Amino acid sequence: TEVAPGAVHVPDWLDPERQRALLDACREWARPPAGLRTVRTPGGGTMTARQVCLGWHWYPYAYARTVVDGDGSPVKPFPDWLGELGRRAVTEALGPSAVPAAPYDIALINFYDGDARMGMHRDGDEQADAPVVSLSLGDTCVFRFGNTGTRAKPYTDVELRSGDLFVFGGPSRLAYHGVPRVRPGTAPARLGLAGRLNVTLRVSGL
Ligand code: MD3
Ligand code: FE
């Protein structure tokens, strides 16, 4: 389903076996060193979703090769299989001509407990205009997709469920978006996950 030009939602894209494999990988990546951390914003705020990065470390508002705002460790490597998954996602959602020439080299993994949210923001710290690939695991959330020029309404709210793919390319790449709520207890029981994980794949252009 095309929610806006370049923004395509593919429900249930990851089958149960692939959801399991991605969740198991996320649990490994979440372990120290360079594991799951709480992100602090320059204004003194704290993000409620906790995060782990692969390839490049994101902190507000730049990328580094070490966890500059955490334990200082080198960032974990971005595995080839994840880049392959990203290219396949773009091909299926937007078509082969939308697959970027440069390889996917960043994964940002956000973990949401039942109270976590993400305010409306734009992702502008990458130097490349390649589509962002988003994969959801665990609890359902309300994902809010807005506009490029303003943080304000109108919004389109979409429920994202475990296994869903969302690709944001073209004119949607710099649109405002956020996660106003998670629905606790809605994850598939087989995953054994209390909460929600979102994996985004990006091209750094660095
Ligand atoms: C639209 N993550 O990591 S996923 C983020 O569910 C982020 O954790 C949310 O916003 C989450 O920056 C939303 C959907 C998403 C991700 C990246 C985008 C939508 C996007 C980048 C550009 C435009
Ligand atoms: Fe974002």
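Overall, the stretch 2-202 carries a charge dipole of about 460 debye about its Cα centre when +1 sits on the Cβ of Lys and Arg and -1 on the Cβ of Asp and Glu, all other atoms neutral. Backbone amide hydrogens, once placed in the peptide plane, bring V67 within less than 5 Å of G72, S73, V75, excluding anything fewer than 5 places away on its chain.
The convex hull of the Cα atoms of the stretch 2-202, projected and averaged over all directions, covers 10.5 nm². Diffusion of the stretch 17-127 by Stokes-Einstein, at 20 °C in a medium of 1.002 mPa s and with Rh set to the Kirkwood radius over alpha-carbon pairs, works out to 140 µm²/s. Projected label points at Y155 and R65, each 7 Å from Cα along the beta carbon direction, are separated by 3.9 nanometres. Of the chymotrypsin sites (Phe, Trp or Tyr not before Pro) found in the stretch 35-85, those that fall in a DSSP loop while having at most 13 other beta-carbon atoms within 10 Å are Y61.
Coordinate-derived values only; no laboratory data. This one's a predicted model, so the numbers in the text were calculated from it and none came from an experiment. FYI the Cβ positions are ideal-geometry reconstructions off the backbone, even for glycines, and counts take in every protein chain you see.
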